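> Can you read through this structure? Questions will come right after.
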């Protein structure tokens, strides 16, 4: 099954801030164990929007998203004037108001266009893709930008001594990175000429405890002892691989595709170690895995665009790709299917 009218992905653009931060760099800055990061997390490098030594903020989320979006437009065979809307998915906006998406539009030089910001974790980029696809399929718009990005380093306390921190606490300091990605969607084939065949976005957390919580502090509660970022890594380790398999087969069923038809598989990008585990459980040996998290770190809503960027370098006419994403905050199944025409 495919949904009509058809919507196309014309191009992608990505942005990773600064030089890659190695595990040795991170271990020195945080007082963590480099070998533990290598073995338990399996991520080798990541990028941060602020200086790891001084804490100076060098790029905002809006900066990263605008750079990725500008790159996507340049690669799309369209002009900036052709962009009719902007959708941003993020879990870490620069401010609650104004919405970061409006700063992105401003930096791009866009005006008098609808903007949308979706507050979500690892599923936010897929939600942005879903909304952008719906807007174009409605017939009201011909082209638009969907953007995803996160600046997770804002939650790193560089002054904290982590030499005695428990692994469940330490994981939040070594798992994440910063980055942004964007794609241009169109109503007719352009640029890369990739059809967005299907998008899945479904809340599945009824009665379930969140796997991840990011607090917001106002003036009345900013001095509370609550941790800004908490994560039930054990629950995530247990549930994400199971949900990933469910998403894979649900997408295949919706599309009436067989697993043998898949040329590429874009699995969830939690960490280098977890992604390897998930890809093994998905068990699609005929599909080439497209992953990036071991080099980029878990930068949330940037990840699907980083994966698509790598995919487009390999994908040829007639080939099919399926992406799986899981949000553990309150458990969301997400994914999408692409076919190069």
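The values are calculated or read from the model by the stated rules, or taken from the named source; none is laboratory data. Bear in mind the structure is a predicted one, so any value in this text is a computation, not a measurement. All Cβ positions, glycine included, derive from the backbone under ideal geometry; neighbour counts span all protein chains shown.
> If you take the residues in segment 208-222 that are in a loop (DSSP other than H, G, I, E, B) and touching a strand residue (DSSP E or B) at 6+ places or on another chain (Cβ under 8 Å), which one is surrounded by the most Cβ atoms within 10 Å (Cβ to Cβ)?
Step by step, filter segment 208-222, then rank; the result is 211.
> Sticking with this structure for a sec: Just to be sure I understand, how many residues within segment 37-53 are surrounded by fewer than 21 Cβ atoms within 10 Å (Cβ to Cβ) and in contact with a strand residue (DSSP E or B) (Cβ under 9 Å, 6 or more places away or on another chain)?
So the answer is 5.
> While we're on this one: Quickly run through segment 248-266 and pick out the residues that are surrounded by fewer than 17 Cβ atoms within 10 Å (Cβ to Cβ), in contact (Cβ under 8 Å) with a residue 24 or more places away in the chain and not in a helix (DSSP H, G or I).
256
> It is to be established whether one or more residues within segment 103-112 are surrounded by fewer than 24 Cβ atoms within 10 Å (Cβ to Cβ), within 30 Å of residue 318 (Cβ to Cβ) and either within 14 Å of the chain's Cα centre (by Cα) or modelled with pLDDT of 95 or more (or both).
Within segment 103-112 (the criterion being surrounded by fewer than 24 Cβ atoms within 10 Å (Cβ to Cβ), within 30 Å of residue 318 (Cβ to Cβ) and either within 14 Å of the chain's Cα centre (by Cα) or modelled with pLDDT of 95 or more (or both)), the answer is no, since none of the residues qualifies.
> Here's another thing I want to ask about it. Anything in segment 242-272 that is closer than 21 Å to residue 301 by Cβ and out of contact with any strand residue (DSSP E or B) (no Cβ under 8 Å at 6 or more places or on another chain)? List them, or say none.
Selection gives 272 alone.
> Still on this structure, I have one more. Residues to consider are 191, 286, 205, 179; find the one that is in a strand (DSSP E or B) and touching a residue at least 24 places away in the same chain (Cβ under 8 Å).
So the residue among 191, 286, 205, 179 that is in a strand (DSSP E or B) and touching a residue at least 24 places away in the same chain (Cβ under 8 Å) is 179.
> Scan segment 289-317 for residues that are part of a helix (DSSP H, G or I) and touching a residue at least 12 places away in the same chain (Cβ under 8 Å) and report the count.
Selection size over segment 289-317: 18.
> Do the conditions hold for residue 231, that is, is it modelled with pLDDT under 95 and touching a helix residue (DSSP H, G or I) at 6+ places or on another chain (Cβ under 7 Å)?
So residue 231 fits the description; yes.
> To continue, here is another question. If you take the residues in segment 140-176 that are out of contact with any helix residue (DSSP H, G or I) (no Cβ under 6 Å at 6 or more places or on another chain) and modelled with pLDDT of 95 or more, which one is surrounded by the fewest Cβ atoms within 10 Å (Cβ to Cβ)?
The extreme case among them is 140.
> Only one residue in 56, 15, 34 is surrounded by fewer than 15 Cβ atoms within 10 Å (Cβ to Cβ), within 28 Å of residue 156 (Cβ to Cβ) and either touching a strand residue (DSSP E or B) at 6+ places or on another chain (Cβ under 9 Å) or at pLDDT 95 or above (or both). Which one?
56 is the lone residue from the list that is surrounded by fewer than 15 Cβ atoms within 10 Å (Cβ to Cβ), within 28 Å of residue 156 (Cβ to Cβ) and either touching a strand residue (DSSP E or B) at 6+ places or on another chain (Cβ under 9 Å) or at pLDDT 95 or above (or both).
> In addition: Which residue, of 269, 239, is surrounded by 13 or more Cβ atoms within 10 Å (Cβ to Cβ), in a loop (DSSP other than H, G, I, E, B) and within 20 Å of the chain's Cα centre (by Cα)?
269
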